[in-house]
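Taken together, the values in this text are just the output of simple stated rules run on the coordinates, not laboratory data. Since this is a predicted model, take the numbers as computed values, not measurements. Please note: Cβ atoms are built from the backbone with ideal geometry, for glycine as well, and neighbour counts cover all protein chains shown.
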Amino acid sequence: MKNQILLVLSLALIFGCSKEKSKTTGWNYNDPKHGGFEVSTNYTEQVTPNGMAFIEGGSFTMGRVEQDVQYDWNNVPKTVTVSSFYMDETEVRNIDYLEYLFWIERVYGSNYDNGSYPEIYWKALPDTNVWRDKLSFNEPYVESYLRHPAFNQYPVVGISWEQAVDYCAWRTDRVNERILIDNGYLWEDPEQVDENVFKTDAYKMGQYEGRIRRQLPNLKLGVHSYDKKAGKDKNAIRNVQESDGILLPRFRLPTEAEWEFAALALVGNTEQENVSERKLYPWNGDGVRNPSKRNKGEIVANFKRGRGDNMGTAGRLNDNADKTAPVISYWPNEYGLYNMAGNVSEWVMDIYRPLVDPNTTDMNPFRGNVFETWERDEDRFIVEKDTLGNIIKRNVTVEENLNRRNYSKSDNINYLDGDYDSKVNAPASDWLQDSEENATNQVYELNNTSLISDQTRVYKGGSYKDRAYWMVPGTRRFLDQKQSTSYIGFRCAMDRLGPPTSNLKENRRRPVDWNKNNGYYDKK
């Protein structure tokens, strides 16, 4: 009886109590007598994930607006449009990453645990040795920065691009698992290990073998009430799917365009589509000090003011941080994002190329697409998950995309910059001799005059060790995706599904009040 009540309630929440008809065919939705086509009729709007801010998208001028001090014409300005999305209000903290490490150690093991895959834990560990300097005493940071509670609220560093991507995937699964537990679909399972860990994709595809509390009826089979006979038929019930609107999309790194758009926060100085002032920094104006009466002259970001001046003089520290600062420090920008200038630089998704071609895509521009699909057996069924609980993916092939016009191959990193079409100065005979894998090397003379490769990623924003120039959102730098530093961290982003505007009260923009203390909004 209890299961029956829970099932009826869940159906009412997801599909609605009344039978809504199709406007084109007249058949009922969510009616097993009419075929059981399931539609979530009560879905309203995507919720804002914990710790994230809603970033309403739009068009803006992406690229360099500061003087070109390196004379490399990097990131030439161009107008692009960015879709609405969500972004972490702060950089990922040490405490956040320690939670991740704890979970991995518990379910996959370390060299002193019972898990079968301790290498997963060791692979995720930050490189704390990034703090070392041949001519500086930084051993206290090497030993204590990651794990001492004094630094819990500080941004995690020593993280490679690859490690940041893995963290985003882990966060996706943990957040969706919590959603399913809170909504009564799963039991908490602190004993899950190895291939039986919760993974969102495995759950949706019916390959999760953990502690499932209840499921939904599969209406297309004509099952419209729960009974013991139906409960024994695995095809008569199903797990929550994406179409139910309960699970959240994937966490990921922001694209370069998204990061730059969110950092500028032009929403704060735009009236009737007119930008009243082209920002140089994430805050209004072109200075680095607070303009308000109450906080006049205070430094608004954590950066290096000059050689040998990391924080000012004793008794009057200018930014109150010798190296990194707590993630909620200084004033947020108009989207409510903290430290989009200074503190630590941040990884973004994009592959680095020195020139951003103004003729390429102007809607959600991004370089780094490698298109994948689910691995299937000869009968077109999804293959079994791997030993870590992941559903297996593979790159798409040219053969299966012969009739497509928008793309043909999986790896599009080199498109128009590093592929054969880019080698405009090379004789045709050279093209035939080269393998496609070497195209990037030949265009940029890898290991000879350039560090550019298909594994080089962009990082954005200034850090505690940078001058003010690098705090301009249009500036960009790059590093190999396997490497890490003491001044690069990251924050997560998430797709916005549905309309670009939000009606939720939690997403209403609250203008920053410069007269209030650090970390507070105006109450408007």
Test of understanding: ordering PHE371, PHE261 by Cβ neighbours within 10 Å, fewest first, what list do you get?
PHE371, PHE261
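Counting other C-beta atoms within 10 Å, which of LYS385, LYS23 has the fewest, and how do the rest follow?
By the 10 Å Cβ count, ascending: LYS23, LYS385.
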When CYS168, CYS492 are arranged by how many other beta-carbons sit within 10 Å of their Cβ, fewest first, they go CYS168, CYS492
Of the options ALA321, VAL344, PRO365, report the single residue whose Cα projects farthest towards the positive end of the charge dipole of the range 311-388 (beta-carbon charges: Lys, Arg +1; Asp, Glu -1).
ALA321
Any idea what the dipole of the range 140-210 comes to, in debye rounded to 20, about its Cα centre with Lys/Arg Cβ at +1 and Asp/Glu Cβ at -1?
360
State which entries of LYS304/LYS460; LYS199/LYS393; LYS304/LYS482 exceed 18 angstrom in Cα-Cα distance in the structure shown.
LYS304/LYS482
Any idea which of VAL130, THR61, VAL92 is furthest toward the positive side of the dipole for the range 37-187, if Lys and Arg beta-carbons carry +1 and Asp and Glu beta-carbons -1?
VAL130
Label-to-label distance, nm, for residues given as ASN50 and GLU143 (7 Å Cα→Cβ offset)
3.4
With R₀ set to 41 angstrom, the calculated FRET efficiency between the beta-carbons of TYR43 and VAL76, to the nearest 0.05, is 0.45
